[in-house]
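Chemist: Following this message is one structure expressed as C-alpha coordinates.
The values are calculated or read from the model by the stated rules, or taken from the named source; none is laboratory data. This structure is a prediction, so every number in the text was calculated from the model and none was measured. Every residue, glycine as well, gets a Cβ built from its backbone with ideal geometry; the counts of neighbours run over all protein chains shown. For the accessible areas, the whole protein counts, side chains as well, though only heavy atoms, and no ligand, DNA or RNA atoms are used. Shrake-Rupley method; radii C 1.70, N 1.55, O 1.52, S 1.80 Å.
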Amino acid sequence: MLVDEQIASYRQNGYLVLPGFKTAAEVATLRERAAQIVEAFDPGDRRTIFSTTDQARGTGDEFLASAEGIHCFFEEEAFDAQGALKQAKSLSINKIGHAMHDLDPVFSRFSRGPRLQALAQDLGLAQPQLWQSMYIFKQPGIGGEVKWHQDASFFDTTPGSVTAFWFALEDATRDNGCLWVQPGGHRTPLRERFVREGNTVRMEQVDAMPWPDQRSAVPVEVERGTLVCFHGLLPHWSAPNRSAVSRHAYTLHATDGRCDYAAANWLQRSPGFPVRGFDE
Ligand code: FE2
(Lines give C-alpha, C1' and ligand atoms only; values in the text may rest on other atoms or scores of the structure.)
Protein backbone atom coordinates (compact mmCIF):
# COMPACT_ATOMS: atom_id res chain seq x y z
CA MET A 1 0.00 0.00 0.00
CA LEU A 2 2.68 2.50 1.03
CA VAL A 3 6.01 3.11 -0.68
CA ASP A 4 9.24 3.09 1.34
CA GLU A 5 9.42 6.89 1.44
CA GLN A 6 5.99 7.09 3.01
CA ILE A 7 6.85 4.52 5.66
CA ALA A 8 10.10 6.36 6.40
CA SER A 9 8.21 9.65 6.64
CA TYR A 10 5.70 8.12 9.07
CA ARG A 11 8.50 6.79 11.24
CA GLN A 12 10.30 10.14 11.14
CA ASN A 13 7.32 12.46 11.71
CA GLY A 14 4.76 10.26 13.46
CA TYR A 15 2.07 10.98 10.91
CA LEU A 16 1.32 10.52 7.24
CA VAL A 17 -1.09 12.37 4.94
CA LEU A 18 -2.77 10.35 2.17
CA PRO A 19 -4.77 12.69 -0.10
CA GLY A 20 -7.69 11.21 -2.02
CA PHE A 21 -7.87 8.02 0.04
CA LYS A 22 -11.67 8.11 -0.06
CA THR A 23 -13.74 9.16 -3.06
CA ALA A 24 -16.24 12.00 -2.97
CA ALA A 25 -19.02 9.40 -3.24
CA GLU A 26 -17.72 7.40 -0.26
CA VAL A 27 -17.47 10.58 1.80
CA ALA A 28 -20.98 11.67 0.80
CA THR A 29 -22.44 8.29 1.75
CA LEU A 30 -20.92 8.43 5.23
CA ARG A 31 -22.06 12.02 5.74
CA GLU A 32 -25.62 11.10 4.76
CA ARG A 33 -25.65 8.20 7.19
CA ALA A 34 -24.35 10.39 10.02
CA ALA A 35 -27.05 12.96 9.26
CA GLN A 36 -29.69 10.21 9.48
CA ILE A 37 -28.36 9.07 12.86
CA VAL A 38 -28.51 12.62 14.20
CA GLU A 39 -31.99 13.11 12.73
CA ALA A 40 -33.22 9.95 14.47
CA PHE A 41 -31.58 10.95 17.76
CA ASP A 42 -34.15 12.10 20.30
CA PRO A 43 -32.26 13.62 23.21
CA GLY A 44 -35.34 13.91 25.41
CA ASP A 45 -34.11 15.29 28.70
CA ARG A 46 -30.66 13.97 28.13
CA ARG A 47 -28.05 16.62 27.67
CA THR A 48 -24.91 14.57 27.38
CA ILE A 49 -22.15 16.97 26.51
CA PHE A 50 -18.76 15.94 25.33
CA SER A 51 -16.30 18.38 26.81
CA THR A 52 -13.41 18.53 24.40
CA THR A 53 -11.28 20.46 26.87
CA ASP A 54 -11.88 18.26 29.90
CA GLN A 55 -12.48 14.74 28.76
CA ALA A 56 -12.98 13.39 32.28
CA ARG A 57 -16.03 15.67 32.57
CA GLY A 58 -19.40 14.70 31.19
CA THR A 59 -18.31 11.09 31.14
CA GLY A 60 -21.31 9.51 32.78
CA ASP A 61 -23.03 6.23 32.14
CA GLU A 62 -23.99 7.21 28.63
CA PHE A 63 -20.38 7.84 27.71
CA LEU A 64 -19.34 4.44 29.05
CA ALA A 65 -22.29 2.74 27.32
CA SER A 66 -21.22 4.27 24.01
CA ALA A 67 -18.27 1.85 23.97
CA GLU A 68 -20.71 -0.69 22.56
CA GLY A 69 -23.28 1.60 21.02
CA ILE A 70 -24.04 4.56 18.80
CA HIS A 71 -24.53 7.72 20.84
CA CYS A 72 -24.73 11.41 19.99
CA PHE A 73 -22.95 13.92 22.22
CA PHE A 74 -23.66 17.64 22.23
CA GLU A 75 -21.14 20.42 21.83
CA GLU A 76 -20.32 22.10 25.13
CA GLU A 77 -21.54 25.43 23.77
CA ALA A 78 -24.72 24.00 22.24
CA PHE A 79 -27.08 25.27 24.97
CA ASP A 80 -28.07 28.74 26.12
CA ALA A 81 -28.46 29.78 29.77
CA GLN A 82 -32.01 28.42 29.80
CA GLY A 83 -30.80 25.03 28.57
CA ALA A 84 -32.28 25.36 25.10
CA LEU A 85 -30.34 24.56 21.96
CA LYS A 86 -28.86 27.69 20.39
CA GLN A 87 -29.02 26.27 16.89
CA ALA A 88 -30.62 23.31 15.13
CA LYS A 89 -29.91 19.86 16.57
CA SER A 90 -28.05 18.95 13.39
CA LEU A 91 -25.65 21.83 14.11
CA SER A 92 -25.30 21.09 17.84
CA ILE A 93 -23.81 17.60 17.97
CA ASN A 94 -20.12 17.37 18.82
CA LYS A 95 -19.69 13.75 17.84
CA ILE A 96 -21.22 10.33 17.36
CA GLY A 97 -19.43 7.43 19.06
CA HIS A 98 -18.07 4.85 19.51
CA ALA A 99 -19.05 1.55 17.84
CA MET A 100 -20.61 2.58 14.54
CA HIS A 101 -17.91 0.64 12.69
CA ASP A 102 -19.32 -2.60 14.12
CA LEU A 103 -23.01 -1.78 14.42
CA ASP A 104 -23.86 0.23 11.31
CA PRO A 105 -23.38 -1.33 7.86
CA VAL A 106 -22.58 2.00 6.15
CA PHE A 107 -19.95 2.87 8.74
CA SER A 108 -18.58 -0.67 8.68
CA ARG A 109 -18.06 -0.53 4.91
CA PHE A 110 -16.26 2.80 5.16
CA SER A 111 -14.07 1.49 7.99
CA ARG A 112 -12.88 -1.75 6.43
CA GLY A 113 -11.42 -3.23 3.29
CA PRO A 114 -8.18 -4.48 1.78
CA ARG A 115 -6.61 -1.03 1.35
CA LEU A 116 -7.03 -0.18 5.02
CA GLN A 117 -5.88 -3.65 6.00
CA ALA A 118 -2.72 -3.28 3.91
CA LEU A 119 -2.13 0.21 5.23
CA ALA A 120 -2.40 -0.99 8.83
CA GLN A 121 0.19 -3.68 8.10
CA ASP A 122 2.52 -1.07 6.61
CA LEU A 123 2.14 1.04 9.76
CA GLY A 124 3.15 -1.93 11.91
CA LEU A 125 -0.22 -3.23 13.08
CA ALA A 126 0.15 -6.94 12.39
CA GLN A 127 -3.22 -7.79 13.99
CA PRO A 128 -5.25 -4.58 13.89
CA GLN A 129 -8.12 -4.34 16.33
CA LEU A 130 -10.61 -1.55 15.75
CA TRP A 131 -11.76 -0.35 19.13
CA GLN A 132 -13.40 2.93 18.35
CA SER A 133 -15.07 5.03 15.71
CA MET A 134 -15.95 8.69 16.10
CA TYR A 135 -17.78 11.00 13.73
CA ILE A 136 -16.64 14.48 14.69
CA PHE A 137 -18.66 17.46 13.47
CA LYS A 138 -16.61 20.45 14.62
CA GLN A 139 -19.73 22.55 14.15
CA PRO A 140 -19.67 26.06 12.67
CA GLY A 141 -19.37 28.74 15.33
CA ILE A 142 -19.40 26.42 18.38
CA GLY A 143 -17.04 23.56 17.46
CA GLY A 144 -14.96 23.02 20.58
CA GLU A 145 -11.20 23.20 20.96
CA VAL A 146 -9.45 19.88 21.55
CA LYS A 147 -6.38 20.61 23.64
CA TRP A 148 -2.96 19.00 23.18
CA HIS A 149 -3.19 15.29 23.86
CA GLN A 150 -1.89 11.89 22.76
CA ASP A 151 -4.42 9.27 21.71
CA ALA A 152 -2.37 6.60 23.51
CA SER A 153 -3.74 8.11 26.75
CA PHE A 154 -7.05 6.47 25.90
CA PHE A 155 -5.76 3.17 24.46
CA ASP A 156 -2.98 1.86 26.63
CA THR A 157 -1.34 -1.31 25.34
CA THR A 158 1.93 -3.08 26.21
CA PRO A 159 3.93 -2.40 24.17
CA GLY A 160 2.27 0.76 22.84
CA SER A 161 0.47 0.27 19.53
CA VAL A 162 -2.57 2.50 19.11
CA THR A 163 -2.73 4.19 15.73
CA ALA A 164 -5.24 6.80 14.58
CA PHE A 165 -6.92 6.89 11.17
CA TRP A 166 -8.39 10.37 10.64
CA PHE A 167 -10.52 10.85 7.52
CA ALA A 168 -11.35 14.38 6.39
CA LEU A 169 -14.99 14.46 5.31
CA GLU A 170 -14.73 18.16 4.52
CA ASP A 171 -11.77 20.37 3.71
CA ALA A 172 -9.96 21.03 6.99
CA THR A 173 -8.32 24.44 7.25
CA ARG A 174 -6.89 26.69 9.92
CA ASP A 175 -10.20 28.59 9.79
CA ASN A 176 -12.48 25.66 10.62
CA GLY A 177 -10.23 23.91 13.13
CA CYS A 178 -7.87 21.53 11.33
CA LEU A 179 -5.51 19.23 13.21
CA TRP A 180 -2.20 20.60 14.45
CA VAL A 181 0.62 18.16 15.17
CA GLN A 182 4.15 18.24 16.53
CA PRO A 183 6.22 16.45 13.87
CA GLY A 184 8.48 13.89 15.55
CA GLY A 185 6.61 14.27 18.84
CA HIS A 186 5.75 10.57 18.84
CA ARG A 187 9.24 10.03 20.24
CA THR A 188 8.28 11.89 23.43
CA PRO A 189 6.81 10.04 26.43
CA LEU A 190 3.16 9.43 27.23
CA ARG A 191 2.09 12.33 29.47
CA GLU A 192 -1.32 11.18 30.71
CA ARG A 193 -3.46 8.11 31.00
CA PHE A 194 -7.26 8.08 31.00
CA VAL A 195 -8.05 5.51 33.67
CA ARG A 196 -11.34 3.79 34.40
CA GLU A 197 -12.25 2.45 37.83
CA GLY A 198 -15.65 0.82 37.80
CA ASN A 199 -17.96 3.44 36.35
CA THR A 200 -15.71 6.43 36.91
CA VAL A 201 -12.91 7.75 34.76
CA ARG A 202 -10.11 10.18 35.45
CA MET A 203 -7.02 11.50 33.76
CA GLU A 204 -3.80 10.78 35.61
CA GLN A 205 -0.38 12.18 34.90
CA VAL A 206 2.24 9.68 33.79
CA ASP A 207 5.10 11.98 32.83
CA ALA A 208 5.71 15.65 33.63
CA MET A 209 6.96 16.39 30.12
CA PRO A 210 5.20 19.62 29.06
CA TRP A 211 3.01 19.83 25.99
CA PRO A 212 4.70 21.20 22.88
CA ASP A 213 5.23 24.88 22.35
CA GLN A 214 2.79 26.18 19.75
CA ARG A 215 5.77 27.25 17.64
CA SER A 216 6.68 23.61 17.04
CA ALA A 217 3.16 22.74 15.84
CA VAL A 218 2.26 22.50 12.17
CA PRO A 219 -1.29 22.70 10.77
CA VAL A 220 -2.49 19.67 8.81
CA GLU A 221 -4.67 21.42 6.28
CA VAL A 222 -6.16 18.73 4.03
CA GLU A 223 -8.84 18.28 1.42
CA ARG A 224 -11.96 16.20 1.78
CA GLY A 225 -11.20 12.51 1.21
CA THR A 226 -7.73 12.72 2.74
CA LEU A 227 -6.68 10.15 5.32
CA VAL A 228 -4.25 11.27 8.01
CA CYS A 229 -2.66 8.39 9.94
CA PHE A 230 -0.85 9.14 13.14
CA HIS A 231 1.07 7.41 15.90
CA GLY A 232 -0.61 7.11 19.31
CA LEU A 233 2.10 9.16 21.00
CA LEU A 234 1.98 12.04 18.51
CA PRO A 235 0.87 15.21 20.36
CA HIS A 236 -1.92 16.96 18.46
CA TRP A 237 -4.67 19.51 19.05
CA SER A 238 -7.30 21.44 17.14
CA ALA A 239 -8.62 24.97 17.59
CA PRO A 240 -12.26 25.92 18.16
CA ASN A 241 -14.23 26.44 15.00
CA ARG A 242 -15.46 30.03 14.92
CA SER A 243 -15.97 29.95 11.15
CA ALA A 244 -19.26 29.58 9.30
CA VAL A 245 -18.40 26.13 7.93
CA SER A 246 -18.24 22.79 9.71
CA ARG A 247 -15.23 20.48 9.70
CA HIS A 248 -16.54 16.93 9.66
CA ALA A 249 -14.03 14.15 10.23
CA TYR A 250 -14.25 10.45 10.96
CA THR A 251 -11.69 8.66 13.09
CA LEU A 252 -10.81 5.06 13.84
CA HIS A 253 -8.44 3.87 16.54
CA ALA A 254 -6.74 0.52 16.17
CA THR A 255 -4.34 -1.35 18.43
CA ASP A 256 -2.26 -4.42 17.67
CA GLY A 257 -3.76 -7.69 18.94
CA ARG A 258 -0.27 -8.96 19.74
CA CYS A 259 -0.06 -6.36 22.53
CA ASP A 260 -1.78 -6.46 25.92
CA TYR A 261 -4.79 -4.15 26.08
CA ALA A 262 -4.98 -2.52 29.53
CA ALA A 263 -7.87 -3.52 31.78
CA ALA A 264 -8.02 0.11 32.95
CA ASN A 265 -8.79 1.48 29.46
CA TRP A 266 -12.23 3.08 29.49
CA LEU A 267 -13.31 1.27 26.34
CA GLN A 268 -13.90 -2.42 26.94
CA ARG A 269 -15.91 -4.93 24.94
CA SER A 270 -18.26 -7.62 26.25
CA PRO A 271 -17.42 -11.21 25.34
CA GLY A 272 -20.38 -11.26 22.93
CA PHE A 273 -19.17 -8.16 21.07
CA PRO A 274 -15.55 -8.84 20.26
CA VAL A 275 -13.27 -6.29 18.70
CA ARG A 276 -12.54 -6.88 14.99
CA GLY A 277 -9.98 -5.76 12.44
CA PHE A 278 -10.07 -4.13 9.00
CA ASP A 279 -11.20 -7.34 7.28
CA GLU A 280 -14.66 -7.03 5.79
FE1 FE2 B 1 -6.82 12.80 19.28
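Chemist: When the dipole is taken about the Cα centre of the stretch 4-259, and only Lys, Arg (+1) and Asp, Glu (-1) are charged at their Cβ, what size is it in debye, to the nearest 20? Walk me through the numbers on the way to the answer.
Modeler: Working: 26 positive and 32 negative charges, 49 e Å.
In total the dipole reaches around 240 debye.
Chemist: Would you mind telling me the share, in percent, of accessible area of the chain contributed by carbon and sulfur at probe 1.4 angstrom? Mind showing how you got there, number by number?
Modeler: Values: 6130 of 12130 Å².
Carbon and sulfur atoms account for 51 percent of the accessible area of the chain.
Chemist: Can I ask one more? Amide H neighbours of Trp148 under 5 Å, at least 5 residues apart or on other chains, H built in the peptide plane: list them.
Modeler: none
Chemist: With the other protein chains left in place, how much accessible area per residue, in square angstrom, belongs to the stretch 4-259 at a 1.4 angstrom probe?
Modeler: Values: 10730 Å² over 256 residues.
For the stretch 4-259, the solvent-accessible area averages 42 Å² per residue.
Chemist: Something else about it: Which value, in Å² and to the nearest 10, is the accessible area of Ile136 when all protein chains are kept and the probe is 1.4 Å?
Modeler: Roughly 30 Å² of Ile136 is accessible to a 1.4 Å probe.
Chemist: A further question follows. Just in the stretch 62-160: which trypsin sites (Lys or Arg not before Pro) are loop by DSSP and have at most 14 other Cβ atoms within 10 Å? Before the final figure, lay out the partial values.
Modeler: On the way: sites: Lys86, Lys89, Lys95, Arg109, Arg112, Arg115, Lys138, Lys147; in loops: Lys86, Arg112, Lys138.
The qualifying sites are Lys86.
Chemist: If packing is taken as the mean number of other Cβ atoms within 10 Å per residue, what is the order of 205-212, 152-159, highest first?
Modeler: Details: 205-212: 12.5, 152-159: 19.2.
Descending packing order for the listed peptides: 152-159, 205-212.
Chemist: Starting from the Cα gyration tensor of the stretch 85-210, take the square roots of the eigenvalues, sort them a ≥ b ≥ c, and report rounded, prolate or oblate (rounded when a/c is under 1.5, otherwise prolate if a/b is larger than b/c, else oblate).
Modeler: Details: a/c = 1.44, a/b = 1.13, b/c = 1.28.
Because its axes are fairly even, with a/c under 1.5, the stretch 85-210 counts as rounded.
Chemist: Using a Gaussian network for the chain with springs between C-alpha atoms less than 10 Å apart, which of these wobbles most: Glu39, Glu170, Glu75?
Modeler: Among Glu39, Glu170, Glu75, the largest mean-square fluctuation in the Gaussian network model of the chain belongs to Glu39.
Chemist: By how many nm would the segment from Asn199 to Arg215 lengthen if fully extended, with 0.36 nm per residue of separation less the alpha-carbon distance? Intermediate results must be reported in sequence, preceding the final value.
Modeler: Working: separation 16, 0.36 × 16 = 5.76 nm, distance 3.85 nm.
Result: 1.9 nm gained on full extension.
Chemist: Another question, then. Sum -39500 (n - 2.57) across every DSSP H segment of at least 4 residues in the chain, then divide by the residue count to get the 222 nm mean residue ellipticity, nearest 500.
Modeler: Values: 6 runs with 52 residues, N = 280.
Rounded to the nearest 500, the figure is -5000 deg cm²/dmol.
Chemist: Pop the C-beta distance of Glu32 and Arg258 into the FRET formula with R0 = 35 Å and round what comes out to the nearest 0.05. Display every interim value, and only then the final one.
Modeler: Details: r = 37 Å, r/R0 = 1.05.
The calculated FRET efficiency here is 0.45.
Chemist: Could you tell me, in Å, what Rg and Dmax come out for the Cα atoms of the chain?
Modeler: Values for the chain (Cα only, Rg and Dmax): 17.6, 56 Å.
Chemist: Oh, and also: Set Lys and Arg Cβ to +1 and Asp and Glu Cβ to -1, take the dipole of the chain about its Cα centre, and tell me which of Gly83, His236, Ile136 lies farthest positive.
Modeler: Selected residue: His236.
Chemist: Largest first, how would Ser216, Ser161, Ser90 line up by accessible area (1.4 Å probe)? Display every interim value, and only then the final one.
Modeler: On the way: Ser216 45, Ser161 20, Ser90 70 Å².
Most to least solvent-accessible, the answer reads Ser90, Ser216, Ser161.
Chemist: Given 10 °C and 1.306 mPa s, compute D for the stretch 174-280 with the Stokes-Einstein relation, Rh being the Kirkwood radius over Cα pairs; round to the nearest whole µm²/s.
Modeler: After rounding, the answer is 95 µm²/s.
Chemist: Go through Lys89/Lys147; Lys86/Lys147; Lys86/Lys138 and tell me which ones have a Cα-Cα distance over 22 Å in this structure. All intermediate terms of the calculation are to be shown ahead of the outcome.
Modeler: Numbers: Lys89/Lys147 25 Å; Lys86/Lys147 24 Å; Lys86/Lys138 15 Å.
Pairs exceeding 22 Å: Lys89/Lys147; Lys86/Lys147.
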